[in-house]
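Each remark here refers to the structure printed beneath this line.
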Amino acid sequence: MILCILLTDAYAGKHKFQQGEKIILWANKVGPFESPTETYQYFDLPFCQPKTKDNKPLTLGEVVDGNRIVATQYDIAFRQDTSVTTLCKRQLSSDDLAAFRKAVSKNYYFQFLFDDLPAWGYVGKVVSDESSSKSKLLLFTHFQFELAYNDDRVIEINVSTDPAKVADISEGSKDATIEFSYSVVWKESKVKFAK
């Protein structure tokens, strides 16, 4: 038990960074917004998969809460903006598309952690198609990370999507190649880390 606590403390991070220092963006769980107790690991969905799954050691409380924290491959450096960058291009099979369709139609959210700060977003959205009685299922393919800092500490993280960068994964699509991308913007904040 003591070994587990020591690993967790060492892995928790120092919360102070030099400009340009890499910071891990962790992916936690995904699940339907309407049923927050039903959660799955982020990479159960066919997002850009890391070559190796680096799991963050969890406390007992995190395990009981259903957390499944895994390092992502987003390349984010402290106080360095990143213009639109391709994370990966994925050839999605019919099974992959079915998994994303289920996630979008059930209003799945995801949770990221950045320097222990949580951020939430949606996998996609359902929109009505005016030309037919069916709805379209749109998968978000671009995340914009807006990060705030004060001196050498991360203060805030927000994740938004670009409405112009979506993939139509409605029924009828068989296989699709989808490019996932991201961008990073840092801004200075007057908020103190302790608050």
Condition first: within 11 Å of Y109 (Cα to Cα) and not β-branched (V, I, T). Now tell me which residues in the range 39-55 satisfy that. Y40, Y42
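Do you know which of the residues in the range 123-137 that are outside any loop (DSSP other than H, G, I, E, B) and touching a helix residue (DSSP H, G or I) at 6+ places or on another chain (Cβ under 8 Å) is farthest from P36 (Cα to Cα)?
L137
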Out of curiosity, is S170 more than 21 Å from E21 (Cβ to Cβ), in a strand (DSSP E or B) and in contact with a Leu (Cβ under 9 Å, 6 or more places away or on another chain)? no
Could we say that T86 is open to solvent by 50 Å² or more (accessible area, probe 1.4 Å), in contact (Cβ under 8 Å) with a residue 60 or more places away in the chain and within 15 Å of the chain's Cα centre (by Cα) here? yes
Hey, among A148, A119, which residue is touching an Asp or Glu at 6+ places or on another chain (Cβ under 6 Å), surrounded by 15 or more Cβ atoms within 10 Å (Cβ to Cβ) and part of a strand (DSSP E or B)? A148
Condition check: open to solvent by less than 50 Å² (accessible area, probe 1.4 Å), outside any strand (DSSP E or B), closer than 25 Å to D75 by Cα and in contact (Cβ under 8 Å) with a residue 60 or more places away in the chain. Does F100 satisfy that? yes
Of residues in the range 63-91 being outside any loop (DSSP other than H, G, I, E, B) and touching a helix residue (DSSP H, G or I) at 6+ places or on another chain (Cβ under 9 Å), the one modelled with the highest pLDDT: R90
Looking only at the range 151-187, and only at residues there that are exposed (fewer than 15 other Cβ atoms within 10 Å of the Cβ) and among the hydrophobic types (A, V, I, L, M, F, W, C), the one that is nearest to V123 (Cα to Cα): A164
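The values are calculated or read from the model by the stated rules, or taken from the named source; none is laboratory data. This is a predicted model, so every value here is computed, not measured. Positions of Cβ are backbone-derived with ideal geometry, glycine not excepted, and every protein chain shown enters the neighbour counts. We work out accessible area using only protein heavy atoms, side chains counted, and drop any ligands, DNA or RNA first. Shrake-Rupley method; radii C 1.70, N 1.55, O 1.52, S 1.80 Å.
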